[in-house]
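Below you'll find the structure, written out as structure tokens, and then a few comments.
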Number of protein chains: 2
Amino acid sequence: MKIGFIGTGVMGTGIIENLLKNDADVTVYNRTKAHAQQVLDQGAKWVDSPRELAENSDLVLTMVGYPSDVEKIYFGDDGLFKAARQGQYFVDMTTSKPSLAKKIFDHGQKLGVHILDAPVSGGDVGAKNGTLTVMVGGEQADFEKLKPVFQQFSSSDTYFGPAGAGQNTKMANQIMIAGTMTGMTEMLVYAKKAGLDLPMVCQTLQSGAAENFSLGTYGPRILRDDYTPGFFAKHFLKDLRIALEEADEMNLDLPATKQAKQLYEQLVDDQKLGNDGTQALIKLWWH
Amino acid sequence: MKIGFIGTGVMGTGIIENLLKNDADVTVYNRTKAHAQQVLDQGAKWVDSPRELAENSDLVLTMVGYPSDVEKIYFGDDGLFKAARQGQYFVDMTTSKPSLAKKIFDHGQKLGVHILDAPVSGGDVGAKNGTLTVMVGGEQADFEKLKPVFQQFSSSDTYFGPAGAGQNTKMANQIMIAGTMTGMTEMLVYAKKAGLDLPMVCQTLQSGAAENFSLGTYGPRILRDDYTPGFFAKHFLKDLRIALEEADEMNLDLPATKQAKQLYEQLVDDQKLGNDGTQALIKLWWH
């Protein structure tokens with residue numbers, strides 16, 4: 001199976017490296033070619049456009065930044081659909097809009113292309129170690145067919161329902177994380193101001209009912225002033241905006257998630273710190 | 001060592017039972033005597049007031065509802081301090097105001113009474129199983145002296161600093177939990193409205209970066225419509241109010257915690273559901 005991959009960012013690079021380790025035949029495209037050099041050095045091939053990638057692949061995986069990028073890669077003049085042929089598989093792993101996932105699926109149906117939405121969680125570490133969690137929407141038969149591919153870079157792959165269900169599950173995931181990130185941040189802000197020993201507070205809280213992955217992973221990074229991105233703050237803000245737009249369309253009010261979005265807007269839009277990791281939220285208090 | 005205990009609620013009862021299992025000599029007082037019957041049946045003795053309890057104990061542990069109850073039990077006409085004598089130990093395990101912990105400590109100093117603030121986390125299950133986490137403020141020597149008592153009902157006991165430090169650590173704990181509870185609630189609300197399979201969503205999220213204790217413990221309870229209290233919503237609201245008052249006094253703005261408090265106010269004050277567990281927050285959406 002010839003695999004095409006679009007998007008050689010932190011996540012894409014980790015996934016491609018795991019595919020190459022399994023001797024997969026991988027061809028890549030990226031907006032900035034220089035960012036693909038790492039995987040090209042390890043044996044991936046290069047093409048100059050998504051269209052060319054579709055011409056040369058049985059399966060195309062896409063993992064880019066924003067829904068607007070996804071739209072362009074699939075529907076643009078040099079996009080995947082321009083060269084799509086019956087029986088091909090396109091899988092979008094970008095965290096993107098459920099409604100866009102449905103639009104891509106519907107267009108694929110017309111052309112006889114199998115479409116899945118399959119966003120992931122697990123961050124840079126999960127991509128590198130091949131332990132990502134993959135949340136899939138689309139046709140179940142297509143999911144079963146591609147499961148062996150997903151398993152090369154993931155430790156958990158679950159089918160959630162029709163097109164968009166993968167994206168909706170990822171949105172649920174991000175809503176949960178909005179809670180753990182804001183809670184952890186305000187907890188540390190309070191504890192520091194109260195003069196408490198922060199490593200000891202983190203350790204005690206992790207042994208009880210306040211325990212969570214964000215505190216365990218990002219707490220220690222904050223305490224050593226490490227704001228390098230496991231996950232970019234700007235991408236998390238993008239996710240929260242999608243989640244709240246979708247919620248709005250479903251007539252749901254999610255005030256805590258809205259509050260989290262406002263805090264990340266302060267960090268990304270006002271303070272221009274979107275290229276920091278999500279744990280940089282604490283910089284709103286600790287200057 | 002003769003131990004006195006005030007407060008035979010869910011938490012107190014669990015703690016007293018663990019003390020009795022270790023053959024401790026325990027005398028109790030509770031505002032409503034009927035609620036003490038369970039521990040009286042197991043060998044605890046009864047007195048009619050905090051004052052009488054102080055007369056009959058070397059160590060008094062208190063675990064009641066609100067800071068106003070704590071104030072009354074320590075400083076009231078029939079309060080502990082009325083019968084306090086040099087060398088005695090009083091330990092408040094109620095989650096209460098750091099400033100009140102300091103006031104009790106200062107008064108104890110004058111009388112030669114050793115005072116600790118030692119709130120716990122771990123809920124009803126932790127109290128029953130003797131696996132609570134105890135967060136202690138006061139004099140370190142007093143903490144060391146009483147550690148063997150704490151260990152009869154806890155799996156983690158940590159000294160955090162001078163009077164009030166235990167309460168401040170507990171406030172940090174509750175701020176963190178405000179994030180996990182609001183995040184989990186809005187996540188489930190979103191996932192249900194999006195038509196996803198909720199048990200499958202919970203399981204997938206718990207295997208990744210969204211993982212947390214609240215989701216693991218209260219997610220399943222919500223899915224089977226179980227709103228019985230591990231921890232009363234009204235008590236959690238009390239804790240968030242204390243945390244935000246303290247934050248205010250330290251000139252800290254904690255918007256996500258404020259949002260959580262507002263949601264719990266809707267649940268407790270407007271909808272009168274304070275005797276439900278904290279997971280009942282979801283009733284604001286699921287009627």
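Just to be sure before I move on: is A:ALA172 among the small types (Gly, Ala, Ser), more than 19 Å from A:ALA118 (Cβ to Cβ) and open to solvent by less than 20 Å² (accessible area, probe 1.4 Å) in the structure I sent? So A:ALA172 does not fit the description; no.
Please work out if B:LYS258 is under 27 Å from A:LEU240 (Cα atoms) and among the basic types (Lys, Arg). So that I can check it myself, show each step before the final result.
Numbers: under 27 Å from A:LEU240 (Cα atoms): yes; among the basic types (Lys, Arg): yes.
Here the answer is yes, as B:LYS258 does meet what is asked.
The residues in region A:203-242 that are at the interface with chain B (Cβ under 7 Å from one of its Cβ atoms), of a type outside the set (A, V, I, L, M, F, W, C) and assigned to a helix (DSSP H, G or I) can be counted, and the count is 1.
Return yes or no: is A:MET11 in the same structural domain as A:ASP124 (by TED's automatic domain parsing), at pLDDT below 95 and in contact with a helix residue (DSSP H, G or I) (Cβ under 8 Å, 6 or more places away or on another chain)?
Details: in the same structural domain as A:ASP124 (by TED's automatic domain parsing): yes; at pLDDT below 95: yes; in contact with a helix residue (DSSP H, G or I) (Cβ under 8 Å, 6 or more places away or on another chain): yes.
Yes: the conditions hold for A:MET11.
Scan region B:23-60 for residues that are open to solvent by 90 Å² or more (accessible area, probe 1.4 Å), within 23 Å of B:ASP124 (Cβ to Cβ) and not basic (Lys, Arg) and report the count. Of the residues in region B:23-60, 4 are open to solvent by 90 Å² or more (accessible area, probe 1.4 Å), within 23 Å of B:ASP124 (Cβ to Cβ) and not basic (Lys, Arg). For region B:224-249, give me each residue that is surrounded by 15 or more Cβ atoms within 10 Å (Cβ to Cβ) and without any contact (Cβ under 8 Å) to a residue 40 or more places away in the chain. Scanning region B:224-249 gives B:LEU237, B:ARG241, B:LEU244, B:ALA247. The C-beta contact set for region B:134-145 (first residue assigned by TED's automatic domain parsing to the domain that holds B:VAL120, second residue among the basic types (Lys, Arg) and crowded, with 24+ Cβ neighbours inside 10 Å, distance under 7 angstrom, 6+ apart or interchain) comprises B:MET135/B:LYS170. Each residue in region B:158-202 was checked for being at the interface with another protein chain (Cβ under 8 Å from one of its Cβ atoms), over 30 Å from B:MET63 (Cβ atoms), part of a helix (DSSP H, G or I) and without any contact (Cβ under 8 Å) to a residue 60 or more places away in the chain, and 7 pass. In region A:175-209, which residue that is within 14 Å of B:PHE213 (Cβ to Cβ) and under 21 Å from the mean Cα position of the chain (by Cα) is surrounded by the most Cβ atoms within 10 Å (Cβ to Cβ)? Residue satisfying both the conditions and the ranking: A:MET176.
Filtering region B:135-145 to residues that are in a strand (DSSP E or B) and either within 9 Å of chain A (Cβ to nearest Cβ) or open to solvent by 20 Å² or more (accessible area, probe 1.4 Å) (or both) leaves only B:MET135. The set of residues in region A:210-246 that are within 12 Å of the chain's Cα centre (by Cα), modelled with pLDDT of 95 or more and aromatic (Phe, Trp, Tyr) contains only A:PHE236. The number of residues in region A:250-284 that are in a loop (DSSP other than H, G, I, E, B) and open to solvent by 10 Å² or more (accessible area, probe 1.4 Å) comes to 9. Taken over region A:248-287, the criterion of being within 8 Å of another protein chain (Cβ to nearest Cβ) and small (Gly, Ala, Ser) is satisfied by A:ALA256, A:ALA260. In region A:35-57, the residues that are part of a helix (DSSP H, G or I) reach residues that are at pLDDT below 95 with C-beta atoms within less than 9 angstrom, at least six apart or across chains, in these pairs: A:HIS35/A:GLY9.
The single condition from (1) touching a strand residue (DSSP E or B) at 6+ places or on another chain (Cβ under 9 Å); (2) assigned to a helix (DSSP H, G or I); (3) more than 14 Å from every other protein chain (Cβ to nearest Cβ); (4) farther than 26 Å from A:PHE232 by Cβ that A:PRO148 fails is (1). Scanning region A:1-22 for residues that are open to solvent by less than 80 Å² (accessible area, probe 1.4 Å), part of a loop (DSSP other than H, G, I, E, B) and touching a strand residue (DSSP E or B) at 6+ places or on another chain (Cβ under 8 Å) returns A:GLY7, A:THR8.
The values are calculated or read from the model by the stated rules, or taken from the named source; none is laboratory data. Being a predicted model, the structure only gives us computed values, none of them experimental. So basically every Cβ, Gly included, is an ideal-geometry build from the backbone, and we count neighbours across all protein chains shown. For the accessible areas, the whole protein counts, side chains as well, though only heavy atoms, and no ligand, DNA or RNA atoms are used. Shrake-Rupley method; radii C 1.70, N 1.55, O 1.52, S 1.80 Å.
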